[in-house]
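Everything on this sheet refers to the single structure shown next.
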C-alpha cells in the first residue's frame, strides 16, 4: 500500500524499466561498479545568492566494460535538492548527455539513461553540470556509497564512492567554493556576504593564545561550588585496592560502582570491622551548600572531605544522586594517582543536565550509547534524551508492531519500501551499513539499567507528527500483510495513511529533509491508537527498572501543507472540532499530551512543537500533564526566535536550553571544508564557544550573524531591546541545558565520538557550574578577561587530565589542529586550543615528526612545514595542516 505520490513515482520507474531496454548482465554491472570513476565538484556557491550553487558530476570509465544505454540506474544520496527549480516532480527531468534524473524521496536520487545516451567506452568521460539548492561548502556534504542497480541483478556500490574517505569529492580550494553565499537583502539593499575562510595556522595561533603553565592541579570538571586544598600537605600515593568503601545501607549501589572503579572492597557501615584508615565513607546526611549567600540543599548536593595523612575520605549526601556525584569528584581527584587533603562542597546549577543523541538517521550501537552514558556520569550529566525514530529509521522494537523494526529499521535498495526503507543518507544498497539496525526490548532495558545505576534518566523520543516516514511505511506494510491474511479490520487498526478514495498527498509539500509522506494524520483515530500503543509498550519497558516519567513526542519541522488535502483533516474542520488547518498542530499536540497524562506521564517537545514562528505558545492550560518540557533550539539571532525561550518560561513551560548556535554538536568545529558537520545555525561551534555560553544571560551570547559578520552596535541594541520587550519573568522555569547530536552525517563510532567530545565536557561545565563572568554585559572587558582565565584553566585540565581519562575508555575525541607561526623568519612557534596536548611538526612532508617543546629553528626547512596535534595517549593525531616555510610566508588572515 502506497501513498498517491509514492505510487505514482514507483509506477513511473516501473514503466521506465519495463521498456524494451537492453539488459546488463551481473558481470557487466559488477565490472562497471568497479571501474567507473565518479568525480563530484562544487564550482560556485556565490553566483546563486542563497538560492543555489553550481556543481558538476563527472563520470569516467576506466574499465573495459562499456557504459551503454541499458536498464541500469545509478542511485545516490544528496542532502540538497538538485535542480530545485525543476525538482521535485513525479516524472523527473531530462539532463544533457541522454540522462534522466529523478528525486525518489528524502535525499535519494536516481540517474538513468535515455535512448539518447551515447556509450561511454574505456577512457571516456562525461560531465553533467547542475545546480544544488542553497550552498555546499564541506566535503562531508556529499554522501558516500553511490551504487548501480538493474532489475533482477544484485546492486553494487561504485567502488570509488565506497567508505568514508570521500576521495571522489573535489577540493574546496577557492573562496567561491568554501564561502556559502553572496546576496543582497531586497528589503534593505544590505549586502550579505559569507565572512568565513578556513583558518590558516596563523589565524589559529592567534585564536589559541592561552597561557600553558604546565599543571592543572586538582581542577575538577565540572567545577565544584567550593574546593579547598590543604596546600601545606604533600599529596600521597593513592592505590585503590588498599582501600575499603564503607557505605550506609542506602548507598550500596553507589558503593559497588566506586569499588569497581578503584578495585577496592566494600563493607556495610553496620559492620563491626570498619577500618580506621584507608576507608572511603559514604554517609547519609544533609549537605547544605552556600551559593551567592543562599543555602542550597538538594538530593544532588554533597560534601566531600579528604584527610590524606589519615587515609580517610568521607562523602556525605542525603540521597544516592548526591553520593554518586561526590564519587565522580573523588575519581577525578585521584585520576593522577595521588590523594591530597581537601574539602569540597557542591551542588548543581541546573536540575536538568542532558545530552541528546539521534540513532535514527544512522544507527549507533548499544555499546556506543553505554559508553556515552559512562562519560555523562563522569561529568555529572543526568538526562539522556534518546531520539529513537525519524524519517530514516525506527530503532526500537515495539511488541505487537513488529513491522516497525522489520521494515522501519532496515535500509537497502528498494523502490516500493514494502520490505525496507530507501537507502538514504549514503547507507548504500545493503542492510549491513549504519542505515540498518535497532534495539530489541532487552537491549533497551539493558541501557535503562546501565543509565539508572549512574543516576541518568532516559527520556525516549518518538518524533511526531512530522519525521514519521519510517513509521508510515512500516504500518502500510503491516496493513498489506494483514489484508492478505484476510483480516482487514486489524489491518487498519494502526494505519497512519488516509485511505479515502479522494485522498492524495500534496506532492509539493515536503519536509525540510525533502520527504513527502512523512507526517502522521491528526484526523485519523488510528493515529492516536498507534501513539497510545507505542507509549504503553515503552512504559512497560521502563516499569521495573526506572518508571517512565517523560515521553518526548518531538513536534519539530512539520510540513503542515501535507494535511490540506486530507478528508479526515477536513472533517475535523467541518464538524467544528478544529477551527482551521492552522490549528491542527495544536489539536494533535494536546491529544498526544492527553494520552500521556492518562498514563501518568509528563511530556517533552521541541520548541516548534509548542510555539509557531513569531507567535505565542499554545496555552499551557490545555495540557493536563504535571510538567511540559520544551527544548528551545531555534535561536539564530537574526530570526528573532530566541525570545521564545522567555515566552515559554513565562507561560509555565519548563524550558531546556538547546540552542543551535552553541549546543548542536553536529556542527563543524572549524569553518573548514574538511571538517564534518552541518552548519544551518552557525558556521562552526568549537569547545571554547560551548564553554563561553552564558545560559542565564541568553542574549549576551549573540556574537555574529550566520554570515560571520559582527553585529553592529545598533543591531546589538535591537537584540537587547528584544530581551527587554519580552522579559524573563519566571527564570525558575528554565530548568537546564542539553547538547544535541543529530547523525545525518555521522556513520561510524569514531565520527560519533569526535563530534561529541570534548564539547560535551564544556557543556557539562556550564550546566553544573555558573561562572562569575557570565552575568556581565557582553562588552564588559572584565567579562572577557575573567572568561579568558577561566578557559585557560579548563583547557589545561582537559589536555593534562580529562582527555587521558577518555583515552582509557577508548573514546576517540576530536583533536583540534594546532596553530603555528614563523617568528622573525627563523623560529617556528606552535600552540593548541587544548593546552597540554602534544603537537608535532615535520619539515620533510611527514617522513619524520618532531614533538614541539620550544620554538624551533626552521631556517633549513623545506617549502612547507606540516603539523598535527596528538591525543593525550599519543595514539592518534588530528587533521594534518601545512604552513609556508621561512621567507615564503605570504600575507595571512591574521595580518589583514
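Can you confirm whether the range 591-599 contains a residue that is part of a loop (DSSP other than H, G, I, E, B) and either in contact with a strand residue (DSSP E or B) (Cβ under 7 Å, 6 or more places away or on another chain) or modelled with pLDDT of 95 or more (or both)? Please lay out each step first, then the result.
Of the range 591-599, the ones part of a loop (DSSP other than H, G, I, E, B) are 599.
Okay, now just the ones that are also either in contact with a strand residue (DSSP E or B) (Cβ under 7 Å, 6 or more places away or on another chain) or modelled with pLDDT of 95 or more (or both), so 599.
Yes, the range 591-599 has at least one match.
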* Asked: Condition test on residue 815, is it crowded, with 19+ Cβ neighbours inside 10 Å, within 29 Å of the chain's Cα centre (by Cα) and either in the same structural domain as residue 753 (by TED's automatic domain parsing) or not in a loop (DSSP other than H, G, I, E, B) (or both)?
  -> no
* Asked: Cβ-Cβ below 9 Å, separation at least six or inter-chain, first residue in the range 412-441 and without any contact (Cβ under 8 Å) to a residue 12 or more places away in the chain, second assigned to a strand (DSSP E or B) and surrounded by fewer than 22 Cβ atoms within 10 Å (Cβ to Cβ): which pairs?
  -> none
* Of the residues 95, 143, 126, which single one is surrounded by fewer than 21 Cβ atoms within 10 Å (Cβ to Cβ) and out of contact with any helix residue (DSSP H, G or I) (no Cβ under 6 Å at 6 or more places or on another chain)? -> 95
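One line per residue, one yes/no per condition, for (1) touching a helix residue (DSSP H, G or I) at 6+ places or on another chain (Cβ under 9 Å); (2) closer than 26 Å to residue 196 by Cα:
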{"residue": "683", "(1), (2)": "no, yes"}
{"residue": "699", "(1), (2)": "yes, yes"}
{"residue": "711", "(1), (2)": "yes, yes"}
{"residue": "724", "(1), (2)": "no, no"}
{"residue": "729", "(1), (2)": "yes, no"}
{"residue": "734", "(1), (2)": "yes, no"}
{"residue": "743", "(1), (2)": "yes, yes"}
{"residue": "763", "(1), (2)": "yes, yes"}
* Would you check if there is a residue in the range 177-197 being closer than 30 Å to residue 790 by Cβ and touching a strand residue (DSSP E or B) at 6+ places or on another chain (Cβ under 9 Å)? => yes
* Report, by residue number, each residue of the range 404-423 that is surrounded by fewer than 24 Cβ atoms within 10 Å (Cβ to Cβ) and farther than 26 Å from residue 153 by Cβ. => 405
* Sort through 287, 249, 259 and tell me the only one that's surrounded by fewer than 18 Cβ atoms within 10 Å (Cβ to Cβ), touching a strand residue (DSSP E or B) at 6+ places or on another chain (Cβ under 9 Å) and on the phi < 0 side of the Ramachandran plot. => 249
* Hey, among 702, 767, 713, 754, which residue is touching a strand residue (DSSP E or B) at 6+ places or on another chain (Cβ under 8 Å) and either surrounded by fewer than 17 Cβ atoms within 10 Å (Cβ to Cβ) or closer than 17 Å to residue 662 by Cα (or both)? -> 767
* Asked: Looking at the range 89-108, is at least one residue over 30 Å from residue 675 (Cα atoms), modelled with pLDDT of 95 or more and part of a loop (DSSP other than H, G, I, E, B)?
  -> yes
* Identify, please: which residue in the range 654-676 is part of a loop (DSSP other than H, G, I, E, B) and in contact with a helix residue (DSSP H, G or I) (Cβ under 7 Å, 6 or more places away or on another chain) and is, among those, nearest to residue 702 (Cα to Cα)? -> 665
* Selection status of residue 49, modelled with pLDDT under 95 and on the phi > 0 side of the Ramachandran plot -> yes
* Structure fact -> All-but-one check, residue 708 against (1) surrounded by fewer than 20 Cβ atoms within 10 Å (Cβ to Cβ); (2) part of a helix (DSSP H, G or I), failing number (2)
* Structure fact -> By residue number, the members of the range 59-82 that are surrounded by 18 or more Cβ atoms within 10 Å (Cβ to Cβ), over 25 Å from residue 152 (Cβ atoms) and touching a strand residue (DSSP E or B) at 6+ places or on another chain (Cβ under 8 Å) are 60, 78, 80, 81, 82
* Asked: Can you find even one residue in the range 573-580 that is outside any loop (DSSP other than H, G, I, E, B), in contact (Cβ under 8 Å) with a residue 12 or more places away in the chain and assigned by TED's automatic domain parsing to the domain that holds residue 497?
  -> no
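The values are calculated or read from the model by the stated rules, or taken from the named source; none is laboratory data. Because the structure is a prediction, the values reported are computed rather than measured. Virtual Cβ from ideal backbone geometry, glycine too; neighbours counted across all protein chains shown.
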